[in-house]
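Q: I have a structure I would like to understand better, so I am pasting it below and will then ask my questions one at a time.
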Amino acid sequence: MALLTTVILMMAATDVPTLRQHFGKVQRGEHPLSSGRQQVNSLQQDSLQTDSLLMDVPEEPAIPDTASRRLADLEPDTMQMDSLQRAIYLHNKAIDDSIRADSLNRNKKNGLEAPITYSAKDSMIYDASSNTAFLYGDSHVEYQLMDLTSDKIYMSLDSNLVYATPSYTDTTMTELKGKPVFKMAGDTYENDTIKFNIKTKKGFIRDVYTEQEDGFLFSKRAKRDSSGVLYLEKGTYTTCDAEHPDFYIALSRAKVRPNKDVVFGPAYLVVCDVPLPLAIPYGFFPFTKSYSSGFIMPTYGDESSRGFYLRDGGYYFAMSDKWDLKLLGEIYTKGSWGLSAASNYRKRYRYSGSFFVSYQDTKNGDKGMPDFNEAESFKVQWSHRQDAKANPFTTFTASVNFASSSFERNNLSSLYNPQSMTQSTRTSSVSWTSTFSSIGMTLTGTMNLNQYMRDSTINMTLPDLNINVTRFYPFKRKKAVGDERWYEKISMSYTGQISNSILTKEDKLLHSNLIKDWKNGMTHTIPVSASFTLFNAINLTPQFTFTDRMYTNRIEKSWDEVGQKEVNDTTYGFYNVYNWSASLSASTKLYGFYVPWRKLFGDKIDRIRHVFTPTVSFSYTPDFSARRYGFWKTYQKTDEKGNVSYVEYTPYENGLFGYPGRQKSGSIGFTLQNNVEMKMRSDNEKDTTGFKKIYLIDDLSLNMSYNMAAKERPWSDLGVNLRLKLSKSYTFNMNSSFATYAYELDENGKPYLGTRTEYSYGRFGRFQGMSQNLSFTLSPENIKKWIDKLRGIGNKDDDDRKDSQGEEDDYDSGVETNIDDDMERGKRGAKRESAGKAETDADGYMSFSLPWSISVGYGVTMRENTSGTFNTKTMRYPYKFTQNLNFSGNIRISDGWNITFSSGYDFEMHKLSMTTASLSRDLHCFNMSCSVVIAPYTSYNFSFRCNAATLTDALKYDKRSGYTNAIQWY
């Protein structure tokens, strides 16, 4: 009885779908989703075949609730059992309960871990017999991280299999719609057919298309394992984003680890659907978004002097997300070689910078031949910037650019870099600044290095320590009561400097002596000044300045009568040298207004204002050559004829901070400043006051001084400064001087500067010369803007366009050079405002557009040529003009073609200066460029590279010339 009851309870607890699933596993039908082992017969199958075995299984009726109650009533009453029967019953029941629990746990383990969400726009059919769902029209299935969209999706709930396929748009069966798009864990796959097990995360895909970083992968057949790795067969890889790529790498087999890398077997390059005989047996592409280490492919070529070479090959080390390291090398068949290291580092909100060092061992010619030579050269560059948020009181910056004089001549890349080749001076600086705001003191330590490339001269200062104390008022009361007293306006400040410098050749720098070859010293400057107002109109400013210098050596001079030469004797010790000066200046402002005659000028001009600022100053400096100071000395000189003379000198003439003067000075200076402005009525909405200001003369100043202590030629030259604001973008500046004293002729007829003024001869001061620079840029937009202004047509979008292009117009090459930045901007002047379809006119024809830009810079310097022939009639030397002309520009002949050029003219040599031209072509996936240097030497550089960073080192072709194989074209 107990056994029968147990069997009945087990049958009642087992549901019908579980039995149907059990019988369905015995034999499978032809349905493509029943087990995943049978292949799909057609991509356009709309219905599933019914499992024949499942049809033969008789449907078992469901047990109603009344039957369950009757079974419960059939349970025996343990109260009527004896102890033996009750023990047997309880034992059997415990065994039955454990069996039932194991069955439930097993069913739970084989089930899904989360609900499946699915939807369809057209229709949805559920076949209960096969436990399969059919979704039609914009179908969508989601399960955990899986997201699948397609026009048709079939789901088998028994085998956890999902099958997605597109459908034809019409009966012609020529175009598909609703292709499956599979997304999982950040990976996206576009395909034609996908079969995926949502439980095991495995799938089979046909015609899969996926994007990995900046590359695209396609494969006819692909398998996906549970970890997301793809195994491709007959695949392609390209970085071209076009629907029909311009090029691709045909892969026979490949393994893709998403967002990591792809490893492939035999592969070859295909360009424009044409296979090329460029095949490799094995390949590897990284896809990681973070920094990763790897090899850098070298470039190859040949030079007649150094032979065949491999350059710029090496290894990249991705140390961390804060810094990296790139090691490169180059080698030539005739023995030359080189190494370089480059590193970038950055710590957010703290600092950032870069470091580069290179060493070259260059061997030109063949060993044993007369023209053979060997040279070693190196280059060091370091740039360090501290973030403003790091420390508001302490800053550290570095800009180092040091190279041996032969480095650029031996570096092949410098042939095509005008900035490097025209660099005559290199400057380096390392600076540390700390501010003590509580006491108003700033401490600055710097290292400065100036390198002159023409003669390999180096001017180095290490260290250079500066101490500055801001202006303070020592007599000002902390708690002022009443009016400010006169002595409270007295202020003072302090500036101190400790410096150590040397001027030498680069090959002698490391062999110099710190005591004998380096100049060092200390200086202190304390200015004391005050500012008072007299009669509410005159500003009176007295000032006293004390300067103290400390040196560690001085030079004592004497005359060698035997050798007839001057003898220098350097003594070392601590020597103090000082001087002081005092000055007093008074200035005021006078305003004058002129209202134009309305009948003649109308109401447009409101008034004209003239601001006249005269300044009178007096300065005094004592004669520090007096014996009581000891700063100047004399020695007796006896020449070969026995003539005796006394030579005055200062032992501190080689001092780093100079020395006190030997003549007393008491000068009265005069300065006249003029400013003329015109106020006009304005109709522009931006002028809220209804008026606008026009600068007629921004500044016209005259300055001259008279030295009362001078015995001869007390008047200084007349200085004239003129500044005119001709437009918003151009200001005319001219600084010149007019000599006061005229030339006179000696007894031999040679001119010399006399003691009579030019004004005494009835002539104005002799013009000494001036210098002026002018630059402008021409483009179709600028010409149109000028024409519109002449016609009175304004463009409201000009200011917005300037704001949007402000950052683009800022040019900084990052390399210190003699080339004008305006010339470099001219190379980029012709910008492409829009891309895509060509613009057409009103008649439907393509509108002509040829963007271009030309920048021209002209400079002229006018000076007296004292080495020329003196004109005795005008009593003047001829003037010498020094001119320079630079121009650059670019022309965009089509949407992808761009031509740039840069040149200049040397008026002294009567020939072209550094002349370069380049042609670039954007080929969508590739970039082709050719640059040519025409003067002063000729060279060329041709480059054809893939634009994608992944393939730029693999798919490239470079051809360049060198010094020895340069071509002479003219």
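The values are calculated or read from the model by the stated rules, or taken from the named source; none is laboratory data. The shown structure was predicted, so the numbers you read here are calculated from the model rather than taken from an experiment. A quick note on method: Cβ atoms are made from the backbone with ideal geometry, for glycine too, and the neighbour counts reach across all protein chains shown. Calculation scope for accessible area: heavy atoms of the full protein, side chains included, ligands and nucleic acids excluded. Shrake-Rupley method; radii C 1.70, N 1.55, O 1.52, S 1.80 Å.
Q: Kindly evaluate TYR359 against the criterion of being aromatic (Phe, Trp, Tyr) and either under 26 Å from GLY329 (Cα atoms) or modelled with pLDDT of 90 or more (or both).
A: Criteria met by TYR359.
Q: It is to be established whether one or more residues within segment 942-952 are within 27 Å of MET297 (Cα to Cα), open to solvent by 60 Å² or more (accessible area, probe 1.4 Å) and in contact (Cβ under 8 Å) with a residue 60 or more places away in the chain.
A: Looking through segment 942-952, at least one residue is within 27 Å of MET297 (Cα to Cα), open to solvent by 60 Å² or more (accessible area, probe 1.4 Å) and in contact (Cβ under 8 Å) with a residue 60 or more places away in the chain.
Q: List, please: which pairs have Cβ atoms under 9 Å, are six or more places apart or on different chains, and start with a residue in segment 79-92 that is touching a residue at least 40 places away in the same chain (Cβ under 8 Å) and end with one that is part of a helix (DSSP H, G or I) and open to solvent by 90 Å² or more (accessible area, probe 1.4 Å)?
A: As it stands, the answer is ASN92/LEU3, since those pairs meet every condition given.
Q: Spot the failing condition for LEU774; the list is (1) under 24 Å from GLU864 (Cβ atoms); (2) modelled with pLDDT under 85; (3) in contact with an Asp or Glu (Cβ under 9 Å, 6 or more places away or on another chain), and only one is missed.
A: Just one mismatch for LEU774, condition (3).
Q: If we keep just the residues of segment 250-299 that are surrounded by 13 or more Cβ atoms within 10 Å (Cβ to Cβ), aromatic (Phe, Trp, Tyr) and not in a loop (DSSP other than H, G, I, E, B), which is nearest to the chain's Cα centre (by Cα)?
A: PHE285
Q: Does segment 396-410 hold any residues that are more than 20 Å from the chain's Cα centre (by Cα) and either open to solvent by less than 30 Å² (accessible area, probe 1.4 Å) or modelled with pLDDT of 75 or more (or both), and which are they?
A: Scanning segment 396-410 gives PHE402, ALA403, SER404, SER405, SER406, PHE407, GLU408, ASN410.
Q: From the list THR525, THR495, which one is under 40 Å from the mean Cα position of the chain (by Cα) and either free of Cβ contacts under 8 Å to residues at least 60 places away in the same chain or open to solvent by 30 Å² or more (accessible area, probe 1.4 Å) (or both)?
A: Only one candidate passes the filter, namely THR495.
Q: Oh, and also: Among the listed residues ASP321, ASP371, identify the single one that is open to solvent by 40 Å² or more (accessible area, probe 1.4 Å), in contact (Cβ under 8 Å) with a residue 24 or more places away in the chain and out of contact with any strand residue (DSSP E or B) (no Cβ under 7 Å at 6 or more places or on another chain).
A: Result: ASP321 is the single residue among ASP321, ASP371 that is open to solvent by 40 Å² or more (accessible area, probe 1.4 Å), in contact (Cβ under 8 Å) with a residue 24 or more places away in the chain and out of contact with any strand residue (DSSP E or B) (no Cβ under 7 Å at 6 or more places or on another chain).
Q: Moving on to the next point. Filter segment 759-781 down to residues that are within 38 Å of the chain's Cα centre (by Cα) and not polar (S, T, N, Q) and give me whichever is surrounded by the fewest Cβ atoms within 10 Å (Cβ to Cβ).
A: So, considering only residues that are within 38 Å of the chain's Cα centre (by Cα) and not polar (S, T, N, Q), the one surrounded by the fewest Cβ atoms within 10 Å (Cβ to Cβ) is LEU774.
Q: I'm checking my understanding of the structure. Among residues of segment 882-909 that are among the hydroxyl-bearing types (Ser, Thr, Tyr) and out of contact with any Phe, Trp or Tyr (no Cβ under 7 Å at 6 or more places or on another chain), which one is most open to solvent (accessible area, probe 1.4 Å)?
A: Among residues in segment 882-909 that are among the hydroxyl-bearing types (Ser, Thr, Tyr) and out of contact with any Phe, Trp or Tyr (no Cβ under 7 Å at 6 or more places or on another chain), the one most open to solvent (accessible area, probe 1.4 Å) is TYR905.
Q: Taking segment 208-221 as the region of interest, how many residues are in contact with a Lys or Arg (Cβ under 8 Å, 6 or more places away or on another chain) and either open to solvent by less than 10 Å² (accessible area, probe 1.4 Å) or of a type in the set (Gly, Ala, Ser) (or both)?
A: Summing the residues that are in contact with a Lys or Arg (Cβ under 8 Å, 6 or more places away or on another chain) and either open to solvent by less than 10 Å² (accessible area, probe 1.4 Å) or of a type in the set (Gly, Ala, Ser) (or both) in segment 208-221 gives 1.
Every residue, every condition in (1) of a type in the set (A, V, I, L, M, F, W, C); (2) open to solvent by 70 Å² or more (accessible area, probe 1.4 Å); (3) within 30 Å of LEU778 (Cα to Cα), yes or no:
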{"residue": "MET708", "(1), (2), (3)": "yes, yes, no"}
{"residue": "TYR743", "(1), (2), (3)": "no, no, no"}
{"residue": "ASN748", "(1), (2), (3)": "no, yes, no"}
{"residue": "THR757", "(1), (2), (3)": "no, no, no"}
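Q: So PHE870 fits all but one of (1) under 30 Å from ASN401 (Cα atoms); (2) at pLDDT 60 or above; what number is the exception?
A: So the condition that PHE870 fails would be (1).
Q: Also: Within segment 172-196, which residues are surrounded by fewer than 16 Cβ atoms within 10 Å (Cβ to Cβ) and either over 16 Å from ILE153 (Cα atoms) or in contact with a Leu (Cβ under 8 Å, 6 or more places away or on another chain) (or both)?
A: THR172, MET173, THR174, GLU175, LYS183, ALA185, GLY186, THR188
Q: State which residue pairs qualify: first residue of a type in the set (Ser, Thr, Tyr) and modelled with pLDDT of 90 or more and inside segment 455-472, second residue open to solvent by less than 30 Å² (accessible area, probe 1.4 Å) and not in a strand (DSSP E or B) in any location, beta carbons under 8 Å apart, and separation of 6 or more residues or different chains.
A: Once the first residue is of a type in the set (Ser, Thr, Tyr) and modelled with pLDDT of 90 or more and sits in segment 455-472, its partners that are open to solvent by less than 30 Å² (accessible area, probe 1.4 Å) and not in a strand (DSSP E or B) give THR470/GLY440.
Q: Please pick out the residue among ILE555, ILE515, ILE490, ILE538 that is among the hydrophobic types (A, V, I, L, M, F, W, C), open to solvent by 70 Å² or more (accessible area, probe 1.4 Å) and in contact (Cβ under 8 Å) with a residue 40 or more places away in the chain. So that I can check it myself, show each step before the final result.
A: Details: ILE555 fails: open to solvent by 70 Å² or more (accessible area, probe 1.4 Å); ILE490 fails: open to solvent by 70 Å² or more (accessible area, probe 1.4 Å); ILE538 fails: open to solvent by 70 Å² or more (accessible area, probe 1.4 Å).
Every option except ILE515 fails the conditions.
Q: Continuing with this model, one more query. How many residues does segment 107-149 contain that are on the phi > 0 side of the Ramachandran plot and either open to solvent by less than 40 Å² (accessible area, probe 1.4 Å) or not in a strand (DSSP E or B) (or both)?
A: From segment 107-149, those on the phi > 0 side of the Ramachandran plot are 131, 137-138, 144; that's our starting set.
Retained after the next criterion (residues that are either open to solvent by less than 40 Å² (accessible area, probe 1.4 Å) or not in a strand (DSSP E or B) (or both)): 131, 137, 144.
Counting residues in segment 107-149 that are on the phi > 0 side of the Ramachandran plot and either open to solvent by less than 40 Å² (accessible area, probe 1.4 Å) or not in a strand (DSSP E or B) (or both) gives 3.
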